[in-house]
Amino acid sequence: MEAHSSEVFVIGLTVFFLACIIGYYVVWSVTPALHSPLMGVTNAISSVIIVGAILAAGPQGFDTSKIFGLIGVVLASVNIFGGFLVTYRMLSMFKKKPKKSKEKE
Amino acid sequence: MVAILYLISALLFIFALRGLSHPESSRMGNIFGIIGMIIAVFTTLMFKSVLSYYEIGAAILIGGAIGSFIALRIEMTALPQLVAAFHSLVGLAAVFVAAAAFYDPVAFNIGKVGSIKIASLVEMSIGTFIGAITFSGSVLAFGKLQGTISGKPIVFKFQHLINALIFLFIIFLIVLFVINQSPAIFWTIVVISILLGFLVVIPIGGADMPVVVSMLNSYSGWAACGIGFTLSNNLLIITGALVGASGAILSYIMSKGMNRSIINVVLGGFGGEQDSSAGKDNSDKIVKQGNAEDAAYIMKNADSVIIVPGYGMAVAQAQHALREMGDILKKEGIEVRYAIHPVAGRMPGHMNVLLAEANVPYEEVLELDEINHDFPMTEVSFVIGANDVTNPAAKTDEASPIYGMPILDVEKSQSVLFVKRSMATGYSGVDNELFYRDNTTMLFGDAKKMCEDIVKSLSA
């Protein structure tokens, strides 16, 4: 694996460009009315960076790297919970309304 | 096995975005996103090198509690600031993960301290650079949106030259860092990138914030990508690219909504010195002023009303009172619809969320190109807290800074009601000739108060 680091990079690059293209088409299909929830969701999923933070925080004992990792986990968790919850709140407001808008005569 | 689970997680994220193509499928999409995240986290916890479950669990609980608390408490009008604040956290997390990888490369399988692979060093420093810019840029955007910092663009001489020089300096530092792997240089890159993030957002004014917020959204994705390359983690690369693409497309849509290039918005300084020139040659023109009863009378006798909300509605929290007004009109048999300009508000889709919050059915809320041809057949346009997006100068006056911007053709409806606090110009600093037309009635006052008064008159 060590010997093929350039190969690993090229695979990463391939994945990157394909993902960009998927992102392009998927995002254009999002209805403009839901652009705010889109930001909420993308914000939450970009916190998948927590994966890196967990790896750093993983080993036993305490060193600089682990502390950085734990801080990363906290920051990313704020985003994951906050991002998904606020998106949930937004989306639940876009529910089809039952046809009896306010009984105010 | 790990690779497969990460792949499933990435696919779920794609479905999460795909779900947003329609309000009815969007909630399922959000659930896909959550499941994807849970899979990603648990897969990583299964790694042999990951042992400190208690510490990590505690960190997730702390972060999760803070995030949930904020997300459940936040007012929908404050969404733009919230999103900006969240972006800053992604940026900061990216910096910390990069730092962690730098201090303990063995844990990430990228070499040993002092002899980290060159490719990893480059990727790591790029991730750090973008992460730090995202962090400070978002903090500043948050300040501007929250009102803690003036929303006015701050411009000074040689601004862009200075930014360019700083950027070149950072590249130089990255090269240096790759050569000698010194912690001091790593942190210098962090500090200078943070500085650059501030400088990049400082010249951008309040109403350009939709572009900035989307742009920072994009950056947070690219930062995740950078870290993904460092760790050779496809899940991070895919997700980062999705988010990056999403933010970039939103920025593009927003800039197009203002007929400006992204470059032009980023260079900033737009609408800087409007105060002095405002309304200088219009001071002698006559403005027809009305009150809530007049507005109620005009709308009651119409067949169709199109409501055009803008940022002013959000500021005044007028959406609920507005919906109540719409309900009464609908009960009278009047067709009521809402027209949303792409850049209305302070983030993409801001108005749609506020109207949805006030229980306006989304079928009644239409985008610019869906409704614009209906204005000539409409009796009353009710413009509340919007200005520039209705200004006909965008079509007629080539000298106007907003020339070429797509506008909502409210001037084509039989009469226009403008709810505004004062005669002040909009963000662009351009006077709106619509104010002086015969069929325009200005309703001066707080947007919420005005709607409530109209509701009273309507039900009287």
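The values are calculated or read from the model by the stated rules, or taken from the named source; none is laboratory data. As the structure is a prediction and not an experimental result, all values here were calculated from the model. All Cβ positions, glycine included, derive from the backbone under ideal geometry; neighbour counts span all protein chains shown. Protein only, heavy atoms only, side chains kept; ligands, DNA and RNA dropped before computing areas. Shrake-Rupley method; radii C 1.70, N 1.55, O 1.52, S 1.80 Å.
Please tell me if residue B:248 is surrounded by fewer than 24 Cβ atoms within 10 Å (Cβ to Cβ), at the interface with chain A (Cβ under 9 Å from one of its Cβ atoms) and out of contact with any strand residue (DSSP E or B) (no Cβ under 8 Å at 6 or more places or on another chain). It is true that residue B:248 is surrounded by fewer than 24 Cβ atoms within 10 Å (Cβ to Cβ), at the interface with chain A (Cβ under 9 Å from one of its Cβ atoms) and out of contact with any strand residue (DSSP E or B) (no Cβ under 8 Å at 6 or more places or on another chain). Looking for something of a type in the set (D, E, K, R), more than 21 Å from residue B:7 (Cβ to Cβ) and either more than 8 Å from chain A (Cβ to nearest Cβ) or in contact with a Phe, Trp or Tyr (Cβ under 7 Å, 6 or more places away or on another chain) (or both) - is there at least one such residue anywhere in segment B:73-80? Within segment B:73-80, one or more residues are of a type in the set (D, E, K, R), more than 21 Å from residue B:7 (Cβ to Cβ) and either more than 8 Å from chain A (Cβ to nearest Cβ) or in contact with a Phe, Trp or Tyr (Cβ under 7 Å, 6 or more places away or on another chain) (or both).
Filtered by the rule that a residue be surrounded by 21 or more Cβ atoms within 10 Å (Cβ to Cβ), outside any helix (DSSP H, G or I) and charged (D, E, K, R), segment B:102-125 gives a lone residue, B:104. In segment B:172-279, counting only helices (runs of 4 or more DSSP H) that sit wholly within it, the ones holding 3 or more residues that are at pLDDT 90 or above span B:183-201, B:209-230, B:234-257.
A single member of B:325, B:299 is farther than 16 Å from residue A:94 by Cβ, within 14 Å of chain A (Cβ to nearest Cβ) and in contact (Cβ under 8 Å) with a residue 12 or more places away in the chain, and it is B:325.
Number of residues in segment B:387-410 that are closer than 17 Å to residue B:443 by Cβ and open to solvent by 10 Å² or more (accessible area, probe 1.4 Å) equals 1. Checked against (1) facing chain B (nearest Cβ under 7 Å); (2) outside any helix (DSSP H, G or I); (3) surrounded by fewer than 24 Cβ atoms within 10 Å (Cβ to Cβ), residue A:62 meets all criteria but (1).
Residues in segment B:140-151 that are farther than 16 Å from residue B:345 by Cα and modelled with pLDDT under 90: B:148, B:149, B:150. Total residues in segment B:305-320 satisfying the condition of being open to solvent by 10 Å² or more (accessible area, probe 1.4 Å) and not in a loop (DSSP other than H, G, I, E, B): the figure is 5. Candidates are the residues of segment B:337-366 that are open to solvent by less than 10 Å² (accessible area, probe 1.4 Å) and within 23 Å of residue B:453 (Cα to Cα); the one that is nearest to the chain's Cα centre (by Cα) is B:351.
So which of B:224, B:241 ends up being open to solvent by less than 10 Å² (accessible area, probe 1.4 Å), touching a Leu at 6+ places or on another chain (Cβ under 6 Å) and facing chain A (nearest Cβ under 7 Å)? After ruling out the rest, the residue left standing is B:224.
Which one is farthest from the other protein chains (Cβ to nearest Cβ) among residues in segment B:127-168 that are open to solvent by 70 Å² or more (accessible area, probe 1.4 Å), outside any loop (DSSP other than H, G, I, E, B) and in contact (Cβ under 8 Å) with a residue 40 or more places away in the chain? Here the answer is B:160.
Give the residue, chosen from B:60, B:56, that is over 29 Å from residue B:214 (Cβ atoms) and facing another protein chain (nearest Cβ under 7 Å).
Of B:60, B:56, the one residue that is over 29 Å from residue B:214 (Cβ atoms) and facing another protein chain (nearest Cβ under 7 Å) is B:56.
With respect to residue B:369, determine if the residue is surrounded by fewer than 19 Cβ atoms within 10 Å (Cβ to Cβ), more than 9 Å from every other protein chain (Cβ to nearest Cβ), without any contact (Cβ under 8 Å) to a residue 60 or more places away in the chain and of a type in the set (Asp, Glu). Against the criterion (surrounded by fewer than 19 Cβ atoms within 10 Å (Cβ to Cβ), more than 9 Å from every other protein chain (Cβ to nearest Cβ), without any contact (Cβ under 8 Å) to a residue 60 or more places away in the chain and of a type in the set (Asp, Glu)), residue B:369 qualifies.
Residues that are of a type outside the set (Val, Ile, Thr) and closer than 30 Å to residue B:310 by Cβ do occur in segment B:62-71. Just one of (1) within 14 Å of chain A (Cβ to nearest Cβ); (2) open to solvent by less than 30 Å² (accessible area, probe 1.4 Å); (3) touching a Phe, Trp or Tyr at 6+ places or on another chain (Cβ under 6 Å) fails for residue B:383. It is (1).
Residues in segment A:2-58 that are surrounded by fewer than 22 Cβ atoms within 10 Å (Cβ to Cβ), hydroxyl-bearing (Ser, Thr, Tyr) and assigned to a helix (DSSP H, G or I): A:5, A:6, A:14, A:24, A:25.
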